[in-house]
Every structure is written in C-alpha cells, then in structure tokens.
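Below is one structure; the comments refer to it alone.
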Amino acid sequence: MGYKLFLDDLRSVNMVYKDLSDHDFIIVRSYLDFVNYISENGLPDFISFDNDLGEDELQCLLPDGYACAKWLVYDREFDLRNLKFNVHSANPVAKVQIESLLNNYQKFLKNEE
C-alpha cells in the first residue's frame, strides 16, 4: 500500500480534511521537501496540493504547488495515470492551473495506451 502526501506550508491535515489527521499523510512544507520525498520514496497514491508556499527571508515567493505539479509532469518520468489528487489551495487561479495540468496530462497518458 502506498502513502498520501499533503503539501502545505502552514495548514494541518484536519484543517482541510475534517475526518483525517496529520497521521494519515506524509506532510511536506516546501517544493524542495516535495521533490526530495517523492524522489526517495516514489509516487504517492494521493497528493493534496496547496499552491502558495510562502516567502524566503528576502520576501521573494518560494516555488509553489504549481511548480510541484510541473515537476511531476515534466521533470520526472512517473506514471501519473492512476494518481489521485486534490487541490486545497485558497488561490482559485492556481487551483485551476494545477487541476488542469494534472488532468490534461492524465488524459494524454490514457490516450497513449
């Protein structure tokens, strides 16, 4: 059985999923944590994406959830056909971007079969 990954710089799992807790997910707080964890442990069964992942000490935006989704699609050769995901970001534009990228890529992979 695989694992579930929760990407969010601030929230705990039960702030998004009322019937679940931090024990139900592996929690990563940044793009780098996301990339490193998946690189070391393989693709999860489910990913819950936040988009806005904070700023560095110079108040520059850090790589976001969309960058994480792009890494899955473009920089790795994962089979994402069966990946389940949810975008829990409060940023409506980013939510659509992440969902569209992953949904369209999954359709592309299924059409390649």
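Across segment 76-93, what is the number of residues that are of a type in the set (A, V, I, L, M, F, W, C) and within 11 Å of L43 (Cα to Cα)?
Let us first name the residues in segment 76-93 that are of a type in the set (A, V, I, L, M, F, W, C), namely 78, 80, 83, 85, 87, 90, 93.
Still in the running and within 11 Å of L43 (Cα to Cα): 78, 80, 83.
Total satisfying the criteria: 3.
Please list, ordered by first then second residue, the pairs with beta carbon atoms under 6 Å, 6 or more apart or interchain, first in segment 89-113 and closer than 21 Å to G54 by Cβ, second among the hydroxyl-bearing types (S, T, Y) and surrounded by 15 or more Cβ atoms within 10 Å (Cβ to Cβ).
What qualifies is A94/Y66; K95/S89; Q97/Y66; I98/Y66.
Check whether at least one residue in segment 22-34 is within 30 Å of E112 (Cα to Cα) and exposed (fewer than 15 other Cβ atoms within 10 Å of the Cβ), and report yes or no.
Checking segment 22-34: not a single residue is within 30 Å of E112 (Cα to Cα) and exposed (fewer than 15 other Cβ atoms within 10 Å of the Cβ).
Picking from N14, N82, N36, N41, which residue would you name as being touching a Ser or Thr at 6+ places or on another chain (Cβ under 6 Å) and not β-branched (V, I, T)? Spell out how you get there, then give the answer.
Values: N82 fails: touching a Ser or Thr at 6+ places or on another chain (Cβ under 6 Å); N36 fails: touching a Ser or Thr at 6+ places or on another chain (Cβ under 6 Å); N41 fails: touching a Ser or Thr at 6+ places or on another chain (Cβ under 6 Å).
Selected residue: N14, the only one of N14, N82, N36, N41 that is touching a Ser or Thr at 6+ places or on another chain (Cβ under 6 Å) and not β-branched (V, I, T).
If you check A90 against the conditions, is it in a loop (DSSP other than H, G, I, E, B) and either surrounded by fewer than 19 Cβ atoms within 10 Å (Cβ to Cβ) or at pLDDT below 95 (or both)? Break it down stepwise before answering.
On the way: in a loop (DSSP other than H, G, I, E, B): yes; either surrounded by fewer than 19 Cβ atoms within 10 Å (Cβ to Cβ) or at pLDDT below 95 (or both): yes.
For A90, the condition - in a loop (DSSP other than H, G, I, E, B) and either surrounded by fewer than 19 Cβ atoms within 10 Å (Cβ to Cβ) or at pLDDT below 95 (or both) - is met.
Within segment 36-64, work out how many residues are surrounded by 15 or more Cβ atoms within 10 Å (Cβ to Cβ), in a helix (DSSP H, G or I) and either out of contact with any strand residue (DSSP E or B) (no Cβ under 6 Å at 6 or more places or on another chain) or among the charged types (D, E, K, R) (or both).
Adding up the residues that qualify gives 1.
Among the residues of segment 15-35, which ones are of a type in the set (S, T, N, Q) and either in contact with a Phe, Trp or Tyr (Cβ under 7 Å, 6 or more places away or on another chain) or within 14 Å of A69 (Cα to Cα) (or both)?
Matches in segment 15-35: S30 only.
Do you know which of the residues in segment 11-35 that are under 15 Å from the mean Cα position of the chain (by Cα) and assigned to a helix (DSSP H, G or I) is farthest from E77 (Cα to Cα)?
Out of the qualifying residues, it is V13.
What residue, among those in segment 95-113 that are under 19 Å from F46 (Cβ atoms), of a type outside the set (S, T, Y) and in contact with a helix residue (DSSP H, G or I) (Cβ under 7 Å, 6 or more places away or on another chain), is surrounded by the most Cβ atoms within 10 Å (Cβ to Cβ)?
By that ranking, first place goes to I98.
The values are calculated or read from the model by the stated rules, or taken from the named source; none is laboratory data. Not measured: the values here are computed from a predicted model. Using ideal geometry, Cβ is built from the backbone for each residue, glycine included, and neighbour counts are taken over all protein chains shown.
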